[in-house]
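Chemist: Structure incoming, see below.
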Amino acid sequence: MTYASKVLDLAHQVAESQAEPVKQAAALVVASIRAGGVVNAFGSGHSEAIAMEIAGRAGGLVPSNRLTPRDLVLYGGRPPSVLTPELERDPAIAHEIYALAPVAPQDVFVLISSSGVNGAVVELATIVKDRGHPLIALTSVKHSTRMTSRHPSGSKLLDLADVVLDNGAPYGDAILDLPGGGSYGAVSTITSALLAQMVVTEAVDELVAMGERPPIYLSVNVTGGDEHNKALESRYAGRIRRGS
């Protein structure tokens, strides 16, 4: 139970220490949704799992999109061979990802990267801010501050965000020491998913407190789920995409 105990302890620490940034991030999400905007979540590698927590899942917000390097193939006509592990280090792809997305000025962005230093995510953050969108970063402050940026500007994701959510992961992500050196037992996915859901639920609570009915997905595996979801999705025709 060593791993579980450490993860639970870290989750409690993250929930407490990030309560105020979560409120700040939720306020940006609420403002965007009330203005007819969409939450655009980007992550590559394992961080894509966190974008999936935000976009298009049961109990989550309907006005949401998941952006990934795979969009270059699915929507941009690039060959699948372009999808290499090194792609996330290329700043140029950020321009394609943004251009391919159904973005509107009132949209808010959540960019997820524990290291926060790879070229694509830093360039996308730069584009997002240049276009005037609110930017929420979900990253590991401990890891990122020990890294050198791989972006030509020298900037990191946390340098560009309006709100930084710190997932509390250690440098290298893993939290158990390996005899003879090294570590194992990654944690960033768990704490990042916690923060993502905290932001979404806080935003929903704020909308309810304002007397509004939040556009929330039902599970497709409950009676009436498909009909409920399709009716809500029709409100955002041309603004959200599903199935990727």
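Chemist: Under a 10 Å cutoff between Cα atoms, tell me which one of 100, 157, 165 has the largest fluctuation in the Gaussian network model of the chain.
Modeler: In this elastic network of the chain, the residue with the biggest mean-square fluctuation among 100, 157, 165 is 100.
Chemist: Ranked by accessible surface with a 1.4 Å probe, highest first, in what order do 228, 95, 12 come? All intermediate terms of the calculation are to be shown ahead of the outcome.
Modeler: Values: 228 60, 95 90, 12 120 Å².
Sorted by accessible area, descending: 12, 95, 228.
Chemist: Report, for the chain, the % of DSSP beta bridges that are antiparallel, rounded to 5.
Modeler: 20 percent
Chemist: For residue 6, list the lysines whose Cα falls under 27 Å from its own Cα; do not include residues on the same chain fewer than 8 positions away.
Modeler: The qualifying lysines are 23, 142.
Chemist: Here's another thing I want to ask about it. Which distance in Å, rounded to a whole number, links the C-alpha centroids of region 68-135 and region 147-213?
Modeler: So the two Cα centres are separated by 18 Å.
Chemist: Per-residue ellipticity at 222 nm for the chain, helices alone: DSSP H runs ≥ 4 residues times -39500 (n - 2.57), over residue total, nearest 500 deg cm²/dmol?
Modeler: -12500 deg cm²/dmol
Chemist: While we're on this one: Could you state, as a whole-number percent, how many of the C-alpha pairs of the chain are farther apart than 23 Å?
Modeler: 49 percent
Chemist: Along each principal axis of its Cα atoms, how long is region 28-124 end to end? Whole angstroms, biggest number first, please.
Modeler: Principal extents (largest minus smallest coordinate, Cα): 39, 27, 24 Å.
The values are calculated or read from the model by the stated rules, or taken from the named source; none is laboratory data. All values reported here derive from a predicted model rather than from experimental measurement. These area figures cover heavy atoms from the full protein model, side chains too; ligands, DNA and RNA do not enter into them. Shrake-Rupley method; radii C 1.70, N 1.55, O 1.52, S 1.80 Å.
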